[in-house]
Every structure is written in structure tokens, then in C-alpha cells.
Protein chains: 2
Amino acid sequence: MKIAISGKGGVGKTLLASLLSRTFAESGYSVLAIDADPDANLAATLGFPHPEKIIPISEMKDLIAERTGARPGRTEVYFKLNPKVDDLPEKYRVAHNGIKLMVMGRTKRGGSGCYCSENVLLKALINHLLLARNEVIIMDMEAGIEHLGRATASAVDKLIVVVEPSRRSIETAYTINKLAQDIGLQNIAVVGNKVRSQSDNEFLISSLPGFEFLGFIPYDQAIIEADLANLSLLDASPQVTNEAKNIYHKLVPVTQK
Amino acid sequence: MKIAISGKGGVGKTLLASLLSRTFAESGYSVLAIDADPDANLAATLGFPHPEKIIPISEMKDLIAERTGARPGRTEVYFKLNPKVDDLPEKYRVAHNGIKLMVMGRTKRGGSGCYCSENVLLKALINHLLLARNEVIIMDMEAGIEHLGRATASAVDKLIVVVEPSRRSIETAYTINKLAQDIGLQNIAVVGNKVRSQSDNEFLISSLPGFEFLGFIPYDQAIIEADLANLSLLDASPQVTNEAKNIYHKLVPVTQK
């Protein structure tokens, strides 16, 4: 089963990815979590020790040069569009509490150089992971879902768009929906987060007519306080954890592995 | 005066950019606001009519082809690294309530094609705007500040990193600080947002020792409610507006134009 999680920055993608990863692992699945959002820190939220020591794939210059034939940062070069990546998942993942993790790192933008070779490697790797592996894969992505290719779209069982009660997060959900349609990805669902009241709930439903809602995670100040106290977010709020379990149960019967 | 605003997704960069743009405009400055965050909507927050009709520079394929010599999306092409952009600011900006606006749009990632030509044009344009224009420029940027070049760094009077009381936003602030050091940008300051209490305030200060704080914007539920009711955020909370004015007064005496 392959799940991709996207949404506007700050809505809670990483928390949901972490909670789902743990719930799948506790239910006996082999889980591979993929951190594909450079502005997130899935390793820290999952409780990996020393997350700052994990080297993202995008920073492995020798690996990128070896596989694509191009040094990152050089402009006007030719590089392999389909680099070999099938041996990388075993080499470059870390594990903790039964969850395996790969960190993709920053996808660089142009300007001081052409970083297409790095981006091509990251995309090839993500597509390989989605297509080839038997595990449950839970991917924390930024709002741009360009890493997903047309060929990969059919492998994604569910693209979960996280929204919060704010107009900007709804706009981003529509943008993601359009990008998903462009690559032929149909299985989109929404999770509401930071829901404070019934009227927040109704705002989300009425703003996204026709979208499937997998759940509504309540706002809980305990999450913020746990974060500030540097405690695990995963156990900070029983009601949040519980709603993540409900979302898991909605995901599993649909596409059982 | 040139101000760039960055920070983790969701911390409130766009609101601060909008409030500062309006405060500068009301004080008689000629303001150019630049939306350089594809996950934001500065036009909507500034109250521009029909923000969805503004075509971002990155989607002007003919313009990109004309200026860089490359069609967006094609791989393995040669393109001009220094496209001519000096005539673009007058052509491709919109104005409302005394504020001029340019929308940069998405900087595409590699994979389905090489978008370096688009990115090169966006970067050239931002650097041109920063170096050449006399206006107050307020730029809403994502956490990746790669658009700023080494030559441009000295033109930025202040890089404001917005943080909220959360560990992830502090981590992003350190990442931005490192990226800024890499391009020689020294004038960094921090604004705390969504501050609920004195202990939130102390958390931010103690998490960012050695950083200059320009202000602390209080959390106000009125902002969320105005957003849900589709009302202007800029007038929703007198205490938020007031703190933005305090920040303006801290910015202006430093580098008077």
C-alpha cells in the first residue's frame, strides 16, 4: 500500500505521516517512511535518534555524479534521465522502532546552477520505491507533487491532502488536486487537521465539495506544548492519536495488502 | 529599502509581508510587493481583486522562451544564464491601493523536464528588482532562499525570518540562517508570530540566542475567524496590525531611503 501525504506548509503533514507510520508498524506491516519535504523533519517526529546526522540523498554528490553522469550544480550538461536506483533503498535507509526511513532532502532550484541531475535521481528513486516495493510506503511531501510521475500515479493508493480551517490551505488543496489530475492520479482524499469546533468541520466540508474526507483531527494544545517541551508529539494527545487510528482503519480495508 | 521575508510554511510570512506593504504604502513609500512563494497568495491577502487572474511570470512560456532561448520543460538544452529582464517590471506588475505587485509563480523541479530556464529567468528578475529599483521592495519567499544570489545579498537590507512557537519553525530558521550565510547575507532578523503567552515569547528568545528580534505578533483568534469568513486579515486584529507598525518603525530608522 502506497500513501502520499501533501498539503500547504504548516498544516500537519509530518504529524499525520508519523502517526500513520506508527499505526501501520504496530499493526504488523513493514513500513517505509519517505521524507520528501525539505521543510519537514519526519525523522525527528518519528523519534529517530540524531536526525541531524542522517544525510539526505540530495546531498550525496558522489552518488548523484555516479548515477546520472553529472556533477550537481553544473549547468548545460547532459545527464541520464533514468539513473539506476534499485540498489539504493537498502543502502540508504535508517530504521528505528520498526519503521524504515529514507530522507530525500532539498530539491534545488535553478539559478546558481542546474540541479536537474539531483532532481532526476530523487524522482527516479521515489518512483522506483512506489512501483517496486512491497512495504507500506508513507511519503511526506510538500505541496508541489512534481516528484510523482505519470507512471507512478497508478501505484499511489491514496494521496492524502491535509487541510486546516484556513482559506489558504483550501486553495493549496485545489492546486494539489489539479496537479494530481494532470498526472492521472485519481485517488485523492482529505484529512482535516486542527479542527476546533463543529463550525470548523463544516467550513472544511463546504469548502471542498465532492472530496472524500478520511477524518478530522481535533486541535489540541497538548501537541503544541509537547513540541515546546521537546517531548514526542505522537503520544501527546490521545484524541489525536485515536483519530489517526480511525484514518488507518479507513485506509486499510480499501486496499488490503 | 529591500526586505525579504522567509520562514517555515504556515508561520505567517504572507500576513507579515502584507501588513508591512500596507504600512509602508500608508507612510508614503512607493511599494513593490513580490510574491516569490508558490504556496502563498500575497495578492489575495493584499485584497487585490481577482487574484486568480494574475498570470505568474513562471507560466509565461513565450516570455521565458524569448528571453532565455529555451522552451520550459525541455531537457538538455542550452539557455542564456543572464536573460534581459529590465523591461519586465513595468510590464508585468499589477497595482491596487497604492501597492504594486509581481507574482513569480512556481519554480519547477526537475523530473519531467529541465525547468532551469524558467528558474534562471525568475532569479534574474528578482535580482534585477533588488539591485536596480528605488522602491521599498517587500518579498514573500519560501524557506528556500536560493533565488537570492551572492551579488544580491548586499542589496537586501533585512531578511526577516518569521517563527512561531514550534520546534520545526526554529529548525527552519537555522536552515535559512545557514543558507543566508552561504550567500553572504548578514542582515537577518526574526519576528515571532502566533505568540500566546510570555512563555511562548521566552521559548522563541531562548531558542534563537544571538538573533535580533524585531517584534512579537500575538496570536489572535480574530485572524482565523476573519479568514474563514473571507474578510480582510489586515484589519481583523488591532493588536496584530499595531505590532506590524512597531516592526515597521524598527525597520525604517535603520536604513532610511
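The values are calculated or read from the model by the stated rules, or taken from the named source; none is laboratory data. Just so it is clear, the model here is predicted, and its values are computed rather than measured. Neighbour counts run over all protein chains shown; Cβ positions are idealised from the backbone, glycine included. Quick note on the areas: whole protein, heavy atoms, side chains included, nothing else; ligands and nucleic acids left out. Shrake-Rupley method; radii C 1.70, N 1.55, O 1.52, S 1.80 Å.
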Net charge near A:Met102 (other residues with Cβ under 9 Å of its Cβ; Lys, Arg +1; Asp, Glu -1) is +1
Who wins for biggest fluctuation among A:Gly69, A:Gly192, A:Gly215 in a Gaussian network model of chain A, springs between alpha carbons below 10 Å?
-> A:Gly69
Cα shape, region A:1-47, gyration tensor, a/c 1.5 rule = prolate
Does the protein assembly as shown come out rounded, prolate or oblate, given a ≥ b ≥ c as the square roots of the eigenvalues of its C-alpha gyration tensor, rounded meaning a/c under 1.5 and, failing that, prolate meaning a/b above b/c?
-> oblate
Taking only Cα atoms and a 10 Å spring cutoff, compute GNM fluctuations for chain B and point out the largest among B:Ala180, B:Ala222, B:Ala43.
-> B:Ala222
Would you mind checking the pairs B:Lys2/B:Lys80; A:Lys61/A:Lys250; B:Lys2/B:Lys53 and listing those with alpha carbons more than 29 angstrom apart?
-> A:Lys61/A:Lys250
accessible surface per residue for region B:2-56, probe 1.4 Å, DNA/RNA/ligands not counted, whole Å² -> 29 Å²
Note down the nm distance, to one decimal, between modelled labels 7 Å out along Cα→Cβ at B:Asn201 and at A:Lys91.
-> 5.3 nm
Excluding residues fewer than 8 places away in the same chain, name every one of the aspartates and glutamates whose C-alpha is closer than 12 Å to that of A:Lys245.
-> A:Glu26
To the nearest 10 square angstrom, how much accessible area does B:Tyr29 have with a 1.4 angstrom probe?
-> 60 Å²
Could you rank B:Lys100, A:Lys61 by how accessible they are, 1.4 Å probe, largest area first?
-> A:Lys61, B:Lys100
Give me the distance between the Cα centres of region B:1-72 and region A:178-257, rounded to whole Å.
-> 30 Å
Measuring from a point 7 Å out along Cα→Cβ, what nm distances, shortest first, does A:Val252 have to its partners in the other copies?
-> 6.1
For chain A, modelled as a Gaussian network with Cα springs under 10 Å, which listed residue fluctuates most, A:Glu52, A:Glu118, A:Glu164?
-> A:Glu52
Determine which aspartates and glutamates satisfy two conditions relative to A:Lys158: a Cα distance under 13 Å, and not lying fewer than 8 residues away in the same chain.
-> A:Asp140, A:Glu212
Just in region B:142-236: which GluC sites (Glu not before Pro) are loop by DSSP and have at most 12 other Cβ atoms within 10 Å?
-> none
